[in-house]
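The values are calculated or read from the model by the stated rules, or taken from the named source; none is laboratory data. Values in this document were obtained by computation on a predicted structure and should not be read as measured data. Positions of Cβ are generated from backbone atoms using ideal geometry, with glycine treated the same way; all protein chains shown enter the neighbour counts. Keep in mind that these areas ignore ligands, DNA and RNA; they rest on the heavy atoms of the full protein, side chains included. Shrake-Rupley method; radii C 1.70, N 1.55, O 1.52, S 1.80 Å.
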Amino acid sequence: MSLERPKRQQYVTEEGVDYDAIERLLGEHVLGRETHLNAEGFVIRPDEVQDVLFALRDEAGFDHLSVVTAQEYADRYESIYHLKKYDDPTQEVSVVVPTSKDDPVSQTAEPVYRTADWHEREAYDLVGIEYEGHPDPRRILLPETWQGHPLALDYDQDRPQIVTLAEHQNPIAEDHYDSDTETMFLNIGPHHPATHGVLHLKTVLDGEQVVDVDPDIGYLHRCEEQMAQNGTYRHQIMPYPDRWDYAPGGLMNEWGYARAAEDLADIDVPEYAQVIRTMGAELCRICSHMLALGTFCLDIYGDFTAIFMYAMRDREKVQNLLEDLTGSRMMFNYLRLGGVAWDLPEPREEFFEKTRDFLDDLPEATQEYHDLITSNEIFQIRTVDTGVLDPETAKQYGATGPVARASGIDYDLRRDDPYGYYPELDWDVVTEDGRDNYARLLVRMREVEQSARIIEQCIDLLEDWPEEDREIQSNVPRTLRPDPDTEIYRAVEAAKGELGIYIRADGTDKPARFKIRSPCFSNLHTLPEMSEGEYVADLVASLGSLDIILGEVDR
Amino acid sequence: MSDTPSETITGSTDPMSKTREARMGEVDSRFNSRLREAFGSSPFILTKFDQFMNWVRGSSMFMLQFGIACCSLEMMHTYAVKHDLDRFGSGVPRASPRQADTIIIPGTIVSKFAPRMKRVYDQMAEPKFVVNMGSCAISGGPFQEGYNVIKGAEEVIPVDIHVPGCPPRPEALVYGVVKLQERIAQGESSPVTVKPYELEQFGDLERDELVDKLASQIDTDDLVMRYNWADSP
Ligand code: SF4
């Protein structure tokens, strides 16, 4: 380690990444350089992807592949690898890989970053770029029999499609047995109480043990990226983020879009609005973690028992507050580019009082959860040391959020890539070293306490804010047309982890490409690592502890 | 006090019991109730069997535990504390379609899921009822323009009640379900809708370019659903 440090330091200056040094590192691989608003992009040849990424990972320390964005231009296809560092996510670099129209083949990045496996499958599925050497070149979101690639430029949405209903047989039917190895094939989902929505796990069992599990997603792929590309920046996109992570992660998701679009169009947000956003986002985080807690216990104990009802009760309380603030229980549509839609509800004192009441009750509620859950022996037997995910594996899969923090990875964008009012407030990033299902639950429960701290400080600030300074929105042009060919990737810390948005503007009032980096997508990818070789019951516990929302996995 | 007769708790049903006992012989007082009392001294009612069955059906329904998208969160809240759908005799979620008689469709249906949803619906025992929850299940909602989105559950299965909203509030869903119960109790049924998307065997599809192209991938007896997007509303 001590030898490595100075070497990596070569690529960093006071201001951040030293892109010239990176260019020297990559040497002849670099065909050109593009400037994206978040980082420099290095254009490379499609057959040298692995060399370049290995160099960036091992020499320069970019150990986090956030997302792979694929898109089609009039004259070429392009895959962009957005790289970051877990230690400092403000250090970013993009690797741009153009491929020709008639032969859209590019080398796979899977040997460098495991997470590229799913991202490249998605790129193939939606845009149509093929990745040479990919271990599993299948579609991922759309059915295998789909014709065409829907985000390609010449896709005809009206052509008919045929979708099969395979593997609907009784799971213990004879042909599900493999007589040589005595394994059994088992479908879990897509309609199953433990899959938290419509997820399909193709599982191979040897007795009670999981030999192989292949998450089959796409049962809720409702074209979120297409919807965003069809909407105008100013108002038409904002309702959709509420529907990605509907736990509800609403305001956090809206912030993800707002942050990217505001940086893209160079819009300022008044400080007062930032405080409101921060408060709202943390309320959403509590709500979201409560759902995770309730359904996790539903999975473990197996019924609509007290804990689930308690969690729902606390969610109702938060939802009432959010309803007072935004006008809606779940689908807020409250953030605007440049601020928020309206000020706090009148009478303000009443809102503050209600919120304080909730915060005052929270420690007692938390204690109750600890009594019921974390100190329960049955629960501990089911969760401690099951679903273990070690930090190196987690990084390979691009895991973020509570899943990463429960494996001891100290990564939280609220602190590491500061936005909103977080840097001014006093709170801590929660990490646990347990790496197991139990640790993931603990992280969420402790994060609820931290969120409460943040909200409390926001309330104090808002209460004392002088009346004449309560500016909720800055001046934003009626129609936004960011400069053509500007590209940006920006992320926020949503309840589930790093929620990133990539936007490419083409001079019109709608994005030319809108790509969503969903934390659940990457987190779910770790499931096989956590459960292969374990008991099938622990598979269910691990899945619950990942806290996925299928709307965000499939988008 | 377990040996206290129930009348000290529920109030006396004595006069009625006396008359009845005179007619029918002794009945354990635990089986007495206000309802029994209301029937009077002759514990018989006269009604049409169908009407009685409808009333029973509407008064005790099992929901399928079936979550799809955002609306299912509000559906969970409808089942849970505060809204407690079970107050109306209709809120016990069952995990298996074989044990349920009502399915709430809470979310967006996409091409990959529609065949599964049809299958789950087919697995439910008759008589069965469908409540559409939210704009997505009604028409595709905010995602109607999507390349992968079915324009409403009615393209796949028949629907009894539509509850609009995005998502509908729990109160709205409660209203919708209670409305359904009312209709069932009164024996009203919904018009059968045209279902453009059916599950059928691949070999039965009309041959065209697409079918020929997929012929190498799909067996003739595999079940498929064919989407003619151009004809969708
Ligand atoms: S109607 Fe709205 S809330 Fe319901 S599933 Fe559709 S998008 Fe989600």
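Values computed for the structure shown
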| read-out | value |
| --- | --- |
| For residues of A:219-229, the mean tally of beta carbons on other chains within 10 Å | 6 |
| Karplus 3J(HN,Hα) series, Hz, for region A:343-360 with 6.51 cos²θ - 1.76 cosθ + 1.60 (x for Gly, Pro) | 6, 4, x, 8, x, 4, 4, 5, 4, 4, 5, 4, 5, 5, 4, 4, 5, 5 |
| Surface share of carbon and sulfur [accessible, 1.4 angstrom probe, percent] for the protein assembly as shown | 47 percent |
| Listed peptides A:215-224, A:148-157, A:345-354 by packing density, highest first (mean Cβ within 10 Å) | A:215-224, A:148-157, A:345-354 |
| Region A:188-227: C-alpha pair distances exceeding 16 Å, % | 47 percent |
| Cα-based radius of gyration of region A:224-554 once divided by 2.2 N^0.38 Å, which approximates compact folds | 0.98 |
| Local electrostatic count, A:L335, Cβ distance below 13 Å [Lys/Arg +1, Asp/Glu -1] | +1 |
| DSSP bridge pairs, chain A: antiparallel proportion in percent, nearest 5 | 90 percent |
| At 1.567 mPa s and 4 °C, Stokes diffusion of region B:55-185 via Kirkwood alpha-carbon radius, µm² per second | 90 µm²/s |
| Sequence ranges B:58-66, A:479-487, B:119-127, ranked by mean other-Cβ count within 10 angstrom, highest first | B:58-66, A:479-487, B:119-127 |
| FRET E, pair A:Y535, A:D136, Förster distance 35 Å, beta-carbon r, rounded to 0.05 | 0.85 |
| Percent RCO, i.e. relative contact order, over chain A, from Cα pairs under 8 Å lying at least 6 residues apart | 17 percent |
| Two-decimal ratio, region A:8-132, of alpha-carbon radius of gyration to 2.2 N^0.38 Å | 0.99 |
| Accessible surface, the protein assembly as shown, averaged per residue in Å² (probe 1.4 Å) | 40 Å² |
| Region A:224-554 - percent relative contact order, Cα under 8 Å, separation 6 or more | 27 percent |
| Calculated from backbone phi, Karplus (6.51, -1.76, 1.60) coupling profile of region A:260-269 in Hz, x at Gly/Pro | 5, 5, 5, 5, 5, 9, 6, 10, 8, 10 |
| A:F185 accessible area, assembled protein chains, probe 1.4 Å, Å² | 40 Å² |
| Test item: A:132-142 mean partner chain Cβ contacts at 10 Å | 1 |
| Mean projected area in nm² (Cα convex hull; one quarter of hull surface) for chain A | 26.5 nm² |
| Pairs from A:K84/A:K496; A:K395/B:K112; A:K317/B:K82 whose Cα-Cα separation, in the structure shown, is over 22 Å | A:K395/B:K112 |
| Per-residue average of Cβ from other chains inside 10 Å of B:112-125 | 4 |
| Peptides ranked, highest mean first, by Cβ atoms within 10 Å: ranges B:207-215, A:289-297 | A:289-297, B:207-215 |
| In the B-A interface, the accessible area buried, summed over both sides, Å² (probe 1.4 Å) | 5100 Å² |
